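Everything below concerns the one structure shown next.
FYI, it's all coordinate maths here, none of it is from the lab. Computed from a prediction, not measured in an experiment: that's the story for all the values here. In this analysis, Cβ positions are derived from the backbone assuming ideal geometry, glycine residues included, and neighbour counts consider all displayed protein chains.
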């Protein structure tokens, strides 16, 4: 009976973690980036490509037009330009410039091999009336610049 309860607890816990965070007007700009990068860091937990799914939740509607649908976005994340973000070791979010509607950040990210990249991450508030009104969401991530190549 104890084993059954432990297994049930593990299953319920995994299902709870499977719930994706949703855009919310109470989240700050930096919170959105942190959620996305943390999801990429554990991309395949609790299921395959959960991190990509989570990141897609916070893609600004204007960004989804050019990067979507989700299947296209997933393919893009596995491309040589961005795959290093998946299952990365560490990241640092550096605020750069912000006003009431748009925020710019630099992100430094260390991949699994120890390479360090920097890129610009831009989030904007959704101004359209509707479900995501006044929510910070990602509009753009620049191409990465390699800062340090592992030996």
task = Using only the Cα atoms of the chain, each taken as one equal point scatterer with no solvent, compute I(q) by the Debye sum, divide by I(0), and report log10 of the ratio at q = 0.12, 0.18 Å⁻¹.
result = -0.54, -1.08
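How much length, in nm to one decimal, is gained on full extension between residue 47 and residue 128, taken as 0.36 nm per residue of separation minus their Cα-Cα distance?
Full extension from residue 47 to residue 128 adds 25.9 nm.
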key: Sorted by Cβ density within 10 Å, fewest first, the residues 79, 140   = 79, 140
query = Of the peptides 70-77, 32-39, 115-122, how do they stack up when ordered by the mean number of other Cβ atoms within 10 Å, highest first?
reply = 32-39, 115-122, 70-77
ask   = Between residue 28 and residue 108, how many nm apart are label points set 7 Å from Cα along the C-beta direction?
value = 2.0
remark   = Out of 89, 64, 127, a Gaussian network model of the chain with alpha-carbon springs under 10 Å gives the largest mean-square fluctuation to 127
request  = In whole angstrom, note down how far apart the Cα centers of region 117-151 and region 46-87 are.
outcome  = 12
query = What full-extension length gain, to one decimal in nm, is calculated for residue 70 and residue 118 as 0.36 nm per residue of separation minus the Cα-Cα distance?
reply = 14.8 nm
request  = Quote the relative contact order of region 2-148 in percent (integer), defining contacts as alpha-carbon pairs under 8 Å separated by 6+ residues.
outcome  = 23
